[in-house]
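Comments concern the structure below.
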Amino acid sequence: MSLLRKISAKPWEHAGELEGLHGAFTPGQSAGRTGLYMFLAVVTSFFLLFMVTYYTRMQFPDWEMLADPKILWANTAVLILASLALQLASNAAKKHEFSRMRNWLLAGGILTLVFIGGQWVAWEQLVASGYYARSNPANAFFYLFTGLHALHLAGGIWFMALLGFRLNQPNRREQVPSSVTLCATYWHYLLLVWLVLFTLLLRT
Amino acid sequence: MSYVAIADRDHEQHMHDPQTFITKYIWSQDHKVIAIQYSLTAIAVGLVALVLSLVMRLQLGFPDTFSFISPDEYYQAITMHGMIMVIYLLTALLLGGFGNYLIPLMCGARDMVFPFMNMLSYWVYLLSVLVLCASFFVTGGPTGGGWTLYPPQVILPGTPGVGGGIVLMLLSLVLFIVAFTMGGLNYVTTVLQARCRGMTLMRMPLSVWGIFVATILGLLAFPALLVTGIMLLLDSVIGTSFFMPALLSMGEASEYDGGSPILFQHLFWFFGHPEVYIVALPAFGVISDLVATHARKNIFGYRMMVWAILAIGVISFIVWAHHMYVSGMNPYFGFFFATTTLIIAIPTALKVYNWVLTLWRGDIHLTVPMLFVIGFIFTFINGGITGLFLGNVAVDMPLSDTYFVIGHFHMVMGVSPILVIFGAIYHWYPKITGRMLNDRMGRIHFWATLFGTYAIYLPMHYLGILGLPRRYYAMGDTSFIPDSAQAMNAGISIAAFFVAAVQLIFLFNLFWSRTRGAPSGGNPWNATTLEWQTPQTPPVHGNWGPDLPVVYRWAYDYSVPGAKNDFIPQTMAPEDVPTSDDSYDGSEGAHS
Amino acid sequence: MAVALGILVLVIITVLFHFLSPWWFTPLAADWASMDLTVDLTFWVTGVVFIILNLFLVWVIVKYRHRKGVRAHYEPESHRLEWWLTVITSIGVIAMLAPGLWVWARVVDVPDDAAEVEVIGQQWHWSFRFPGEDGVLGQTDVFLMNVDNPFGMRPDDPAGRDDILISNPELHLPIGQSYKFVLRSKDVLHNFTVPQFRVKMDLVPGMTPYAWLKPTVAGRYDIMCEELCGIAHYAMRGAVVVEEQAAFEDWLATYPTYAQVLDRPPPDLAAGQAQYAVCSACHGAQGEGNEMLNAPRLAGQGGWYLRRQLENFKHGIRGGDARDSFGAQMAPMAAVLADDVAMANVVAYMESLPDSDPPDTISGDTARGEVIYRTCLSCHGAEGQGIWSQNAPRLNGINDWYLARQLENYRQGIRGSHLQDLYGKQMSLMSIMLRDEQAVRDVVAYINTL
């Protein structure tokens, strides 16, 4: 509602008043956080449209369900652990405990790589049992969803590696903790996306 | 997500100014340099698209004359012309160019909040343009499937560029979307997080509002294009059947089966219609600032203007299927989409009224930017009105896919934004370079462009009513098209060449005035907004002096009763405003 | 000031153009007068807004242009004025939308007494199918489509047996009878448009959209494809003939049902050979052609194409042009073939003749010809082998002097200008791209290399 009030203000009536106006900055909320949230909105739009497309395409008669590889369950567990590790890294970051933060980051990164590797194994299993992308749209969507999701995680890992480098640069070291918090948010978000995608893939 | 804690920036003061030519003009992170890079690249690729339109007009005007235009080349020309103009020129120029230049300056920021990402955005954009242009040089040439890239035909034999062209086109679009997202996150975050002290949302100039909301639309709508692009790429390259049904191709059943071409269209237009407003909203914003400044009057109904921008932004997501009334989708959708489409006309009409009402009882300085404003209002009224024909499903049916549609969208999305862009360049050129653009050349440019483009597009509406189908390489003999229509087509082509030639004057003016233009000073138009209050003109890296500006008022304090001058800059505290009752001289310093 | 005058001039030009331009809707030939009415209504509503708004703009510019010492009025907003403008605009919008939706409700609602006809689009032709006596269209399948079953009819569907197959881009309709057009595409998107009928709708492969109308005025109208469907999109033409019921029935009776197509006896090669004796006088015993007699090679050409040309010659659709003296020689010869059976037999015999390569007689710039041929190959195939589904005959192995002559004939409208030669018309539209005789020689020289 405050937005509604904000945009119904008559700006010409109160020249000069600065009190309260400075609040436009929403103190404590960093640009990085806003940027990340906007980015997550973009990614949400991206995956949501894919899911809508998936549902629509499902209605056509040539749709054949595919047997989801069992390894996906294990992968899901790994991704949850990765997200947990990131959360612990973020907690450490808030207390400026650099070594603990670094360790948890590392753990989260490795777990994520394991997840991506696990997804690759799932692909191999599907290909081995003859579920080719071009033979049915359900298969194609499976590869597409898992691939794009893994691509987003890979982007996160790239960013995480960047943070690792920064930790070794004395002049940029202090910026790292706030970035780690963002990193954790991103991981939680991608976990959520995966859970939604996984449910969708399982049920159809 | 590389980010710099912008809040600390002001105290740190280590904006380490780039010194060498390379860091200053090539690998620059300065939003102003990036804006220029974006603009020049967009204009350059826009000129390519302009030449392509001339190729089309040669064929349409004189259908059996020029041996270098085969049907393949004609369809490649229309496809690339449309795609380049909509995406690589208008979107890039209005958001990448104007957005980059204006947002930090108008919000009182030193730069975008993520300068490195901003630089990256430009370079990826440039890469996308290069990939697009590369498709002219591969075997088979660029795709000729129409700018809407409708499957199945766009990836089937019988359409030019089916091998390399379409793949490069889709790759280029993916790159463009990546570039736009990096830029767009910057624009939105900068507006939300880096406004200077006192700059509330409702004190922002409408240019910023327009660009801000357009960017949000872009961020949410471009993913739809990305989704379609990725899936079409897979259909084309590895043979999936997302959009491809069972079909006959070159006498044999293809391996595709079960896909839905209509699904593609829904996704495409879910992006495609907001795209119209991604172009229109920044233009709306810029025109509002231009009209207020040059009519020396506050924009009439500022709040309504903001609300209208927001309303248009929201509604633009639920009107997409008005592009699909005759697409074979469930015809009952027509009721819903016709209604939403005509509803969106209401806030749009209010914006037009408010521009005219801003002029009403104003002090209109007929400067070159003002001429373009007036030209825009005229063409936009015209183009908006024909939109009411095409938005209304039963009226659309006889007109759909005819020259009427071409006339409509060129009037509303071609001529109108281009007039805004020209007006804006005449308006802000002094800030960018410190020199005025030549006035006489500007006026010739305006008159020739306005009358020339009207001569092109007005007749097209009537040819469309007659029933001339669009995207026809040649009309041939029909029972209903008289010879006069062909004569008109030739006339349109001549007008098109005239308009294109006139743009050379503008380009010459840009270069000539760079060194020969009259020095402009810091605020030649006596404008209130922040970008005109920078300590240096052109603004240096970091924009402001040691201290960020402080804003005390909204962006439109023109001709405030009791004030001595007819404008009060946003940075002027109430106690500093010189007052006077009778010693007013409205024209001082203004170029009129 | 000049700009006020400029806008005024533009408004006057627009209004004059509206009333004086010779281009307006084609005369209506279906009962969609309501659609025209909504267009007129929209013109009046928006026209009034256009004029008022722009004249106000002109007045404002004149009245409030900069004058020394005059200051702009200060008024940030006027709620009352904005409120009024919103209300008036909304009323205008409703005035246009409500009738529009009312008409649309008619468009989507097919009347019960409407008969059905299927319109089939393919790159780049039209064909049609009537449901026959049972009133039900049989099922089709893309994977069954071939040169003998271009409609992809399913032999196992009894509803399809009595369907009447119109392998011709010309459709006839009885006057005064409502028709529901069931739209089917074999390949890409197309759009069925007859400007005089007003309604139009896309053909989408994998779906069957529809449109309906009642033809009210007898006449012959063009069918235009209005959805980009590839490089020959602009050449995808057809015709609708609206006529009295009796004439319509006569026309319909000339086309076979699917059952009749299935029941056709196999061609009798021996009978065909006997009939071919007449042909061999000019075209040679092996169908090898004879340049001295201006008779092209027949061997190797697709039977479906030979058959159509024989029909065209027989019915004066080809060879009737006064400038086509060679075609005129062929016309009476084709008339010798008395009936369908005779024609089928002789065509079957021609198809059985041995394939061989005729000598080249035309030379040209093959590099330039290759560039030109890029357009041709979309129909005739990369090897010039001809593609039945595009209705494009084989070009390689055909006498080059014959190809050059036919291309010239197309270019000059000697061939393809007969109203009923819609396939020929397509080729004549394509031949627009051959701007001069040299282009013809170049492309024929290139075809020689295939």
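Just so it is clear, none of the values below were taken in a lab; they were calculated from the coordinates. The structure displayed is predicted, hence computed values, not measured ones. Neighbour counts are summed over all protein chains in view; Cβ atoms, including those assigned to glycine, are modelled from backbone coordinates with ideal geometry.
If you take the C-alpha gyration tensor of segment B:366-496, multiply each eigenvalue by 5 and take the square root, what semi-axes do you get, largest first, in whole Å?
Values: eigenvalues 225, 56, 20 Å².
Working through the eigenvalues yields semi-axes of 34, 17, 10 Å.
Straight-line reach from residue C:314: taking Cα to Cα under 16 Å and skipping same-chain neighbours fewer than 8 places apart, the aspartates and glutamates in range are C:324, C:339, C:340, C:421. With θ taken as phi - 60° and the coefficients 6.51, -1.76 and 1.60, list the Karplus ³J(HN,Hα) couplings across segment B:71-84 in order, rounded to whole Hz; mark glycine and proline as x. Computed from phi, the couplings for segment B:71-84 are x, 3, 5, 4, 5, 5, 5, 5, 5, 5, 4, x, 4, 4 Hz.
In loop segments of segment B:339-438 as defined by DSSP, there are no chymotrypsin sites (Phe, Trp or Tyr not before Pro) with at most 10 further C-beta atoms inside 10 Å of their C-beta. Modelled this way, with points 7 Å down the Cα-to-C-beta line, the labels at residue B:134 and residue C:133 are 6.5 nm from one another. For residue B:440 and residue B:314, what does the FRET efficiency come to when R0 = 41 Å and r is the distance between their Cβ atoms, rounded to the nearest 0.05? According to the calculation, E is roughly 0.40.
Shape of chain C from its Cα gyration tensor (a ≥ b ≥ c, root eigenvalues): rounded if a/c is under 1.5, otherwise prolate when a/b > b/c, or oblate? Prolate shape, in that a/c is at least 1.5 and a/b is the bigger ratio. For chain C, the 222 nm mean residue ellipticity estimated from helices alone, with every DSSP H stretch of n ≥ 4 adding -39500 (n - 2.57) and the total spread over all residues, rounds to -14000 deg cm²/dmol.
Across chain B, the relative contact order, built from alpha-carbon pairs under 8 Å that are at least six residues apart, equals 15 percent. Between the listed residues C:283, C:328, C:342, the Cα displaced farthest toward the positive end of the dipole of segment C:265-356, a dipole computed from Cβ unit charges relative to the Cα centre, is found at C:328.
Once R0 is set to 25 Å, what does the formula 1/(1 + (r/R0)^6) return for the Cβ-Cβ distance between residue C:450 and residue C:326, expressed as a FRET efficiency to the nearest 0.05?
That pair, residue C:450 with residue C:326, gives E of 0.55.
Taking all C-alpha pairs of segment C:265-370, those more than 16 Å from each other amount to 61 percent.
Can you tell me the equivalent ellipsoid semi-axes for segment A:18-203? Use √(5λ) from the Cα gyration tensor, largest first, whole Å. Taking √(5λ) for each eigenvalue gives 36, 21, 12 Å, largest first. Largest first, the three principal axis extents of the alpha carbons in chain B are 81, 52, 48 Å in whole numbers.
Which net charge results when you count Lys and Arg as +1 and Asp and Glu as -1 among the other residues whose beta-carbon is under 14 Å from that of residue C:279? It works out to a net charge of +1. Cα gyration tensor of segment C:115-259, axes a ≥ b ≥ c as square roots of the eigenvalues: rounded (a/c below 1.5), prolate (a/b > b/c) or oblate? It comes out oblate by the Cα gyration axes.
Of interest is the spacing of the C-alpha centroids, which for segment A:113-151 and segment B:124-160 amounts to 28 Å. Charged neighbours of residue C:250, selected by a Cβ distance under 11 Å, balance to -3 (K, R count +1; D, E count -1). Bridging of residue B:351 to lysines at a Cα separation below 26 Å is possible for A:6, A:10, B:297, C:63, once same-chain residues fewer than 8 apart are set aside. Rounded to 0.05, the FRET efficiency of the residue C:412 and residue C:19 pair, given R0 = 41 Å and the Cβ-Cβ distance, is 0.55.
Could you name the lysines in cross-link range of residue C:200, using Cα to Cα under 29 Å and dropping any fewer than eight places away on the same chain? Answer for residue C:200, where 29 Å is the Cα cut-off: C:180, C:186, C:214, C:425, listed by chain and number.
When DSSP beta bridges are limited to those with both residues in the protein assembly as shown, what percentage is antiparallel, rounded to the nearest 5?
The antiparallel proportion sits near 70 percent.
Find out how many positive minus negative residues lie around residue C:32, taking Lys and Arg as positive, Asp and Glu as negative, among other residues whose Cβ is under 14 Å from that of residue C:32. That sum, taken over residues with Cβ under 14 Å, equals -1. Site pair residue B:116 and residue B:573 shows an inter-label distance of 3.9 nm when each label is modelled 7 Å from Cα along Cα→Cβ. Diffusion coefficient (Stokes-Einstein, Kirkwood radius over C-alpha pairs, 37 °C, 0.692 mPa s) for the protein assembly as shown: 99 µm²/s, rounded to a whole number. In terms of the Cα gyration tensor, with a ≥ b ≥ c the square roots of its eigenvalues, is segment C:372-450 rounded because a/c is under 1.5, prolate because a/b exceeds b/c, or oblate? Oblate, since a/c reaches 1.5 and b/c is not below a/b.
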